[in-house]
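Working notes, beginning with the structure itself.
The values are calculated or read from the model by the stated rules, or taken from the named source; none is laboratory data. These numbers were taken from a predicted model, which means no experiment stands behind them. Cβ coordinates were reconstructed from backbone atoms using ideal geometry, including for glycine residues, and neighbour counts include every protein chain displayed. Heads up: the accessible areas ignore ligands, DNA and RNA and are worked out on the full protein's heavy atoms, side chains in. Shrake-Rupley method; radii C 1.70, N 1.55, O 1.52, S 1.80 Å.
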Amino acid sequence: MIVKEFRELVRDRRTLGMLIVLPLLLLVIFGYAANFYVSSLKTAVVGPQAAQTAKMLPSFFDVTVTEPADTQADAETLLRDNKVDVAFVTGQTPVLALVDGSNLFAAQSAVAALNKVGDQVKTQVLYNPGLKTSWVMVPAIIGLILTFIGTIVTSIGMVREREAGTLEQLAVMPIRPSRVILGKIAPYFLVAAVDMIIVTVLGILLFSVPFNGDVFAFSQTAGQAIQTAFFFLLPQILLSGMIFPLDAMAAGVRWIGYLLPLTYFTMISQGIMLRGAPIASLWLPFVVLTVMAVVVFTGATLRFRRDLAPGRPASPAGEEPAETETVGTA
């Protein structure tokens with residue numbers, strides 16, 4: 001039996017390749033992704049002495065915005081819209097440093113660097129004053145649950161249909177492939193919506209996670225996330241910024257994170273729940289999730305049509321397809 005299985009394994013080139021190549025690939029990718037150290041922070045400097053203060057900051061603070069005419073309110077808007085990680089407000093003594101606490105690891109690095117300066121800078125952490133891990137993880141876990149339902153549970157349902165032989169029966173019914181796919185994922189979408197509500201409420205009650213944004217904007221992303229979560233579950237956990245910050249990943253690995261739907265759901269959930277960001281400032285992740293959902297849904301429809309209903313003639317509207325004779329009957 002051992003020899004037989006080895007022979008079968010050698011014949012199955014695809015499985016053999018996965019057993020050899022996949023662990024090496026995962027080792028390289030996750031090895032470069034597993035990094036908590038943030039090498040630089042996007043920084044804004046506002047106020048009358050913005051230019052002078054920007055020149056005095058160490059290279060760790062990557063100054064991308066310098067606006068002498070802006071105020072503290074403008075700096076807080078930049079943080080809320082996730083355009084910068086740290087904002088220095090000049091024109092007061094000491095200089096005020098505002099830190100985005102929703103980006104946990106970047107905030108911890110910023111606070112550690114600012115504490116070395118001493119009394120020259122007053123540090124204020126926004127959106128997560130206590131730098132609590134639970135405040136950052138709960139919004140991301142909501143997206144992870146949707147991803148789990150979109151990958152594991154939905155796949156089990158489709159496999160069960162194929163094993164029972166009912167999936168092939170759908171191919172001869174007068175139903176468009178797009179409606180078949182939509183009907184298959186609709187129950188899981190409803191379950192995911194209920195799970196999202198339960199987890200969100202429990203996160204608020206048990207961990208005191210704030211919900212500062214628009215509830216409607218948050219609920220819109222659930223359907224997009226579950227439709228686009230048919231890919232790999234483990235890479236989404238490690239490469240989406242949920243555990244390791246994207247800015248700390250090597251450039252060759254970081255781009256993979258930007259291809260994962262959980263990355264953009266986490267941006268939206270943390271932005272709405274912690275920072276109270278408006279929809280206008282989150283338009284990019286919304287658009288990306290929508291495009292991903294359309295691409296995955298279209299791909300699933302085309303594959304269903306190719307594999308289960310190849311060359312099926314279109315029936316006139318309202319007309320049932322002709323019954324086929326059972327093979328083997330006399």
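For this structure, a couple of remarks:
- Taking the range 36-56 and a reference point 7 angstrom along Cα→Cβ of VAL121, the backbone N atoms nearer than 19 Å belong to 37-56.
- Theoretical FRET efficiency, 1/(1+(r/R0)^6), r = Cβ-Cβ of ILE243 and VAL172, R0 45 Å, to 0.05: 0.45
- The range 18-155, relative contact order [Cα under 8 Å, separation at least 6], %: 19 percent
- Fraction of beta bridges assigned by DSSP in the range 1-143 that are antiparallel (%, nearest 5): 20 percent
- Here the extension length gained between VAL191 and GLU8 equals 61.9 nm, from 0.36 nm per residue of separation less the Cα-Cα distance.
- Net length available on complete extension from GLN92 to THR66 is 7.7 nm, with 0.36 nm assigned per residue and the Cα-Cα distance removed.
- For MET18, the solvent-accessible surface with a 1.4 Å probe is about 110 Å², rounded to the nearest 10.
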